[in-house]
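Student: I'd like to ask you about the structure that follows.
Every read-out reported here was derived from the displayed coordinates using simple, explicitly stated rules and does not represent laboratory data. Everything quoted here is computed from the prediction, not taken from an experiment. Ideal geometry is used to build each Cβ from the backbone, glycine not excepted, and the neighbour counts take in all protein chains shown.
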C-alpha cells in the first residue's frame with residue numbers, strides 16, 4: 001500500500017511543524033500506519049538552521065530518535081500542497097492570511113488548522129503537549145478511516 005502524506009506547516013519550519021513531523025513519523029512507524037509526515041514553512045528565516053533546540057528537547061523527552069530531528073527548514077511550495085493528502089497549518093490566525101496570499105488556489109478541502117501559537121504565546125512544553133494530543137487525535141481519524 002502506498003503511503004499517504006500529511007503536511008505540517010508553520011511560519012519558519014523550525015519549531016512547531018518540525019516537532020509535529022518528527023513525532024508523527026515516529027508514532028506512524030510504531031503503529032505501522034500507512035502515512036508519513038513532511039513539514040514546511042511559509043516564511044523562512046535565513047539565520048535558522050536545523051531544528052529548534054526547544055523542539056529537539058521535547059522530542060527527546062518523548063523518545064523520538066535524533067535522526068528524525070535532522071535537516072534544515074524548507075519553504076512551502078505549491079507542489080507540497082498538491083501532493084499532500086492532509087494538510088495542517090499550526091495556527092489559523094497566523095497562517096490562513098499567509099496561505100491565502102501566497103497560494104490563493106489551494107485545495108481547502110484538505111487543509112486543517114490547529115491553534116498552536118508561537119513560543120511567546122504558549123510555553124514550548126505546553127505547545128508540544130498540545131501538538132502531541134492533536135497528533136493522537138489525527139491518528140484516531142486516520143485509523144478509523146482505514147477500517
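Student: Ignoring everything except DSSP H segments at least 4 long, calculate the 222 nm mean residue ellipticity for the chain; use -39,500 (n - 2.57) per segment, divide by total residues, nearest 500.
Tutor: On the way: 5 runs with 64 residues, N = 147.
Counting only the DSSP helices, I get -13500 deg cm²/dmol.
Student: For 126, 27, which order do you get if you count the other beta carbons within 10 Å of each Cβ and list the fewest first? Mind dumping the intermediate values first?
Tutor: Details: 126 13, 27 19.
Ranking 126, 27 by Cβ neighbours within 10 Å, fewest first, gives 126, 27.
Student: Of the listed peptides 58-68, 86-96, 31-41, what is their order by residue-averaged count of other C-beta atoms within 10 Å, with the highest listed first?
Tutor: Numbers: 58-68: 14.5, 86-96: 19.5, 31-41: 17.9.
In decreasing order of mean packing, 58-68, 86-96, 31-41 become 86-96, 31-41, 58-68.
Student: If you don't mind, another one. Using the Cα gyration tensor of region 73-147, with a ≥ b ≥ c the square roots of its eigenvalues, what is the shape: rounded (a/c below 1.5), prolate (a/b larger than b/c) or oblate (neither)?
Tutor: On the way: a/c = 2.15, a/b = 1.08, b/c = 2.00.
Oblate, since a/c reaches 1.5 and b/c is not below a/b.
Student: Testing the spin-label approximation: label points 7 Å from Cα along Cα→Cβ at residue 48 and residue 36. State their distance in nm.
Tutor: That separation, rounded to one decimal, is 2.4 nm.
Student: Which part of region 31-67 falls in the paramagnetic zone of residue 74, meaning amide N under 15 Å from the point 7 Å along Cα-to-beta-carbon?
Tutor: So the set is 36-44, 50-51.
Student: Also: Quick one: work out the % antiparallel among DSSP beta bridges in region 4-145, nearest 5.
Tutor: Here the antiparallel bridges make up roughly 5 percent for region 4-145.
Student: Here are a few candidate values for Cα Rg over 2.2 N^0.38 Å: (1) 0.97; (2) 1.02; (3) 1.06. Which one was actually calculated from the structure I just gave you?
Tutor: (1)
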